[in-house]
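Scroll down for the structure; my scribbles are underneath it.
The values are calculated or read from the model by the stated rules, or taken from the named source; none is laboratory data. Here the structure is a predicted model, which is why all the values come from computation and not from measurement. Note that each Cβ is placed from the backbone with ideal geometry, even for glycine, and that neighbours are counted across all protein chains shown. Accessible surface is based on the protein model in full, side chains and every heavy atom, while ligands, DNA and RNA are left aside. Shrake-Rupley method; radii C 1.70, N 1.55, O 1.52, S 1.80 Å.
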Amino acid sequence: GPINSGSQALDVDVTGIDTLWLVVTDAGDGRHHDWADWAEPTLHGPDGELRLTELDWLSAKSGHKEVQRDKNAVGNPLSLAGERPAFGLGTHADSAIVYRLPPGYTRFTATVGPDDEAVAGGNDRGHSVEFHVLADLPVRAVTAVSDPLTRALGRPNREQVVTRRQSVATTLQ
């Protein structure tokens, strides 16, 4: 459910997962100061631990500004429930951060919540976020990176509404 202040510990089984999605949504209550922190996101497996911040993400989209490593949504140090995490990710709802997981990891842990700076400064604008950990979502064209090869093979751009693709190959294809 929605988190307005404080933090919540996450412990998620990721056995056999290839793609991990860290999603933050606003709680749908019309509040706007939705800075969210993923504090100390860590993968655990038989061979040890891996900080998620050491991996490159496949995609990181934020509702405002950019997703940041070891900083909150506006570039200041992370602060969650009065604590300064050693590492983490700062973002603004609505956001999605996508990682390809290395094989062998079985658990994902993190502490999540709204950034303290948002809580302190959000009295008039509010703050409430929801955190979601998702796995192996089907890739939709809107979230996939378009490159010359996919365009040559007939992938439409985002602005085109297409009900079906041509079945006859072009010379380039």
Residue satisfying condition, being in contact (Cβ under 8 Å) with a residue 60 or more places away in the chain and not β-branched (Val, Ile, Thr), within set 6, 63: 6
Hits in segment 97-106 - residues which are in contact (Cβ under 8 Å) with a residue 60 or more places away in the chain and either assigned to a loop (DSSP other than H, G, I, E, B) or of a type in the set (A, V, I, L, M) (or both): 97, 98, 101, 105, 106
The residue that is modelled with the lowest pLDDT, considering only those in segment 7-30 that are assigned to a loop (DSSP other than H, G, I, E, B) and closer than 18 Å to residue 132 by Cβ, is 29
Residue count, segment 55-96, condition outside any loop (DSSP other than H, G, I, E, B) and open to solvent by less than 70 Å² (accessible area, probe 1.4 Å), comes to 11
Determine which member of the set 25, 15 is in contact (Cβ under 8 Å) with a residue 24 or more places away in the chain, polar (S, T, N, Q) and over 26 Å from residue 120 (Cα atoms). 15
